[in-house]
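Novice: Questions regarding the structure given below will be posed in turn.
The values are calculated or read from the model by the stated rules, or taken from the named source; none is laboratory data. As the structure is a computational prediction, the values presented were derived from the model and not from experiment. For neighbour counting, all protein chains shown are included, and Cβ atoms are generated from backbone atoms with ideal geometry for every residue, glycine included.
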Amino acid sequence: MPTRNATAATPPLAGRKDGIAVVRRAGYDDIALYSAPQQRCAVDLSDNVNLWGAPPSALVAVRTTIEESVSRYPVAYEPALRNALARHAGVAPEMIVAGCGSDDVLDSAMRAFAEPGDTVCLPAPSFSMIPVFARVNGLVPVAVPLTLQLDADVERMLETRARITYLCSPNNPTGQPFSPQAVERIIDGAAGLVIIDQAYAEFGGESFTRLVMSRRPVLVTRTMSKAFGLAGLRVGYGIGSPDVIGEILKVRGPYRISAPAEAGAIAVLTNDQSWVTERVAEVVANRARFSRELALSGFSPVPSAANFVLVPVENSTALSAKLHDAGIGVRALRALPGIGDALRIGIGPWHLMQRCLDALARAA
């Protein structure tokens with residue numbers, strides 16, 4: 001009996017190479033390539049990075065490391081960085097996993113703790129990449145709208161019996177932290193791993209690192225892209241029990257962080273904590289001032305504990321286009337559940353925020 005060609009029954013994509021059909025995963029058919037708009041404008045407030053730049057020690061470390069490191073592999077599983085992060089977080093090194101941004105840790109955690117077909121529960125609105133990570137890993141994202149107070153809807157999230165439950169606190173894009181009571185109730189009742197994304201925790205809200213040693217599996221993720229000013233180096237990390245971290249390391253694999261990126265991150269953690277603290281204080285002060293000015297201009301910004309402010313508007317696409325024409329880049333968000341259209345505006349030095357306010361006054 002002739003052997004059947006395994007690819008014969010699968011329709012190829014248009015185009016062939018060397019006579020071999022190019023076959024894709026069926027579950028990827030309607031996944032759109034992530035394409036956050038890259039703003040080319042004088043003042044870019046669209047992507048929540050540190051608008052004061054990078055810490056001086058990181059720049060020095062990258063320059064001095066790059067020449068000797070580009071031809072060699074970095075040290076597998078970056079033990080020096082994990083030690084520095086552990087000291088910063090106040091935990092043991094075996095409770096730390098680093099990654100190419102916290103996105104890498106989130107993606108790896110989904111592969112480590114869920115099987116294809118399992119459910120990932122998340123609030124709506126929240127970080128837009130979570131449904132993408134879920135689907136590329138063969139998982140099913142289930143979004144649960146926030147409460148009227150923009151908190152997590154505990155009962156409805158627990159009803160999903162999800163293998164992975166995701167929370168972002170302070171939440172992106174609302175900027176509001178979830179209440180400790182809601183977070184702890186979700187951890188107590190969840191059917192699987194609870195991920196708490198705290199990319200913006202330096203700017204406000206409660207740290208949930210204390211919960212990683214609870215009886216339930218918990219992973220807290222953090223980043224060095226926001227408060228630490230290292231978005232271009234792509235360094236994030238997760239904090240969890242040694243058992244949780246061990247499983248994620250298996251999936252994540254070695255060599256995820258380049259030697260210059262590791263050196264820059266260690267330098268900031270070791271030598272420039274005061275720089276970070278000062279920048280965070282400026283963000284908090286300017287966030288409050290910017291929100292007050294917006295309210296005086298007739299807007300109703302959502303109270304924020306992050307390094308951005310969410311501003312509900314009637315037509316975010318049209319207004320953001322007018323701001324872009326004026327040299328101001330913001331993120332336009334459409335039809336957010338419970339909110340509607342809104343602009344997400346990053347917080348930076350006050351002269352940039354004043355330019356944004358002036359442009360809003362002309363455009364609105």
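Novice: Which ranges mark the helices (runs of 4 or more DSSP H) fully within the range 51-162 that have 1 or more residues being over 22 Å from the mean Cα position of the chain (by Cα) and surrounded by fewer than 21 Cβ atoms within 10 Å (Cβ to Cβ)?
Specialist: Values: elements: 56-69, 79-89, 101-113, 129-136, 154-159.
Qualifying helices (runs of 4 or more DSSP H): 56-69, 79-89, 154-159.
Novice: Could you tell me whether the range 270-284 includes any residue that is loosely packed, with under 13 Cβ neighbours inside 10 Å and farther than 24 Å from Gly236 by Cβ?
Specialist: Taking the range 270-284 and keeping what is loosely packed, with under 13 Cβ neighbours inside 10 Å, we get 274, 277-278, 281.
Add one more test, that the residue is farther than 24 Å from Gly236 by Cβ, and what stays is none.
So far as the range 270-284 goes, no, none of its residues is loosely packed, with under 13 Cβ neighbours inside 10 Å and farther than 24 Å from Gly236 by Cβ.
Novice: Keeping to the range 96-131, report how many residues are under 14 Å from Gln198 (Cα atoms) and not hydrophobic (A, V, I, L, M, F, W, C).
Specialist: 4
A quick yes/no check of all residues on (1) among the aliphatic types (A, V, I, L, M); (2) surrounded by fewer than 16 Cβ atoms within 10 Å (Cβ to Cβ); (3) not assigned by TED's automatic domain parsing to the domain that holds Gln176:
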position	(1), (2), (3)
Ala318	yes, yes, yes
Gly329	no, no, yes
Ala332	yes, no, yes
Gly348	no, no, yes
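Novice: Could you list all residues from the range 314-329 that are in contact with a strand residue (DSSP E or B) (Cβ under 7 Å, 6 or more places away or on another chain) and free of Cβ contacts under 8 Å to residues at least 40 places away in the same chain? Spell out how you get there, then give the answer.
Specialist: At the first step, the residues of the range 314-329 found to be in contact with a strand residue (DSSP E or B) (Cβ under 7 Å, 6 or more places away or on another chain) are 314-317, 319-320, 327-329.
Within the range 314-329, Glu314, Asn315, Ser316, Thr317, Ser320 qualify.
Novice: Still on this model: Run Glu262 past the list (1) surrounded by fewer than 20 Cβ atoms within 10 Å (Cβ to Cβ); (2) in contact (Cβ under 8 Å) with a residue 24 or more places away in the chain; (3) of a type in the set (Asp, Glu) and report the number of the one that doesn't hold.
Specialist: Result: Glu262 fails condition (1) only.
Novice: Kindly provide the set of residues from the range 27-51 that are of a type in the set (A, V, I, L, M, F, W, C), in contact with a Ser or Thr (Cβ under 9 Å, 6 or more places away or on another chain) and modelled with pLDDT under 95, ordered by number.
Specialist: Restricting attention to the range 27-51, the residues satisfying the condition of being of a type in the set (A, V, I, L, M, F, W, C) are 31-33, 36, 41-43, 45, 49, 51.
Still in the list and also in contact with a Ser or Thr (Cβ under 9 Å, 6 or more places away or on another chain): 36, 49.
Matches in the range 27-51: Ala36 only.
Novice: Show the residue pairs meeting these rules: Cβ distance below 7 Å; 6+ apart or different chains; first residue within the range 165-183 and farther than 18 Å from Pro217 by Cβ and β-branched (Val, Ile, Thr); second residue modelled with pLDDT of 95 or more and not in a helix (DSSP H, G or I).
Specialist: Pairs that qualify, where the first residue is farther than 18 Å from Pro217 by Cβ and β-branched (Val, Ile, Thr) and the partner is modelled with pLDDT of 95 or more and not in a helix (DSSP H, G or I), are Thr174/Pro125; Thr174/Leu150; Thr174/Val302; Thr174/Leu310.
Novice: Can you tell which of Ala259, Ala227, Ala265 is more than 20 Å from the chain's Cα centre (by Cα) and in the same structural domain as Thr174 (by TED's automatic domain parsing)? Before you say what the answer is, go through the steps one by one.
Specialist: Numbers: Ala227 fails: more than 20 Å from the chain's Cα centre (by Cα); Ala265 fails: more than 20 Å from the chain's Cα centre (by Cα).
After applying the criteria, what remains is Ala259.
Novice: Then there is this: Tally the residues that are among the hydrophobic types (A, V, I, L, M, F, W, C) and closer than 17 Å to Arg362 by Cα, restricting the search to the range 281-332.
Specialist: Taking the range 281-332 first, the residues among the hydrophobic types (A, V, I, L, M, F, W, C) are 281, 283-285, 288, 290, 294-296, 299, 302, 305-306, 308-311, 313, 318-319, 321, 323, 326, 328, 330, 332.
Going one step further and asking which of them are closer than 17 Å to Arg362 by Cα, we end up with 290, 294-296, 299, 311, 313, 318-319, 321, 323, 326, 328, 330.
Residues that pass the stated criteria total 14.
Novice: Here are some conditions: (1) surrounded by 24 or more Cβ atoms within 10 Å (Cβ to Cβ); (2) on the phi < 0 side of the Ramachandran plot. Arg216 meets all but one. Which one does it not meet?
Specialist: Among (1) surrounded by 24 or more Cβ atoms within 10 Å (Cβ to Cβ); (2) on the phi < 0 side of the Ramachandran plot, Arg216 violates only (1).
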